[in-house]
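Inspection log for the structure reproduced underneath, given as structure tokens.
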Amino acid sequence: MIRLADKSDLPAITEIYNEVIATSAAIYEDDAQTPEQMKAWLSARTTAGFPVFVKEIDGEVVGIGFYGTF
């Protein structure tokens with residue numbers, strides 16, 4: 001299932017986001033993000049009107065999707 005992310009998803013979002021930072025150039029970050037940084041990130045995106053989506057399989061978040069301005 002794909003659904004809008006919420007604060008309860010932050011541990012999984014942080015883990016996935018940091019894995020992408022460590023293994024690709026898809027995110028323009030060099031350093032792993034803390035849970036507090038990701039909480040602020042999620043809040044800023046949703047406040048600006050940019051949704052964050054999560055993909056769930058059997059109740060586990062296995063992917064994230066988002067978009068915004070550059």
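Dividing the convex hull volume of the Cα atoms of the chain by its residue count, what figure in Å³ per residue is obtained?
Working: hull volume 6.0 nm³, N = 70.
Per residue, the Cα convex hull of the chain comes to 85 Å³.
Please compute the contact order of the chain in relative form: average sequence separation of alpha-carbon pairs under 8 Å and at least six residues apart, divided by the residue count, as a percent. Please list the in-between numbers first.
Working: 80 pairs, mean separation 26.6, N = 70.
This gives 38 percent for the chain.
If you count only protein heavy atoms and use a 1.4 Å probe, how large is the accessible surface of GLU19, to the nearest 10 Å²?
Roughly 110 Å² of GLU19 is accessible to a 1.4 Å probe.
Starting from the 7 Å offset along Cα-to-Cβ, what nm value, one decimal, do you get for the label separation of THR34 and ALA22?
Placing both labels 7 Å beyond Cα along the Cβ direction yields 1.9 nm.
The values are calculated or read from the model by the stated rules, or taken from the named source; none is laboratory data. Quick caveat: nothing in here was measured; it's all calculated off a predicted structure. Counting neighbours? That spans all protein chains shown, and the Cβs are built from the backbone with ideal geometry, glycine included. Protein only, heavy atoms only, side chains kept; ligands, DNA and RNA dropped before computing areas. Shrake-Rupley method; radii C 1.70, N 1.55, O 1.52, S 1.80 Å.
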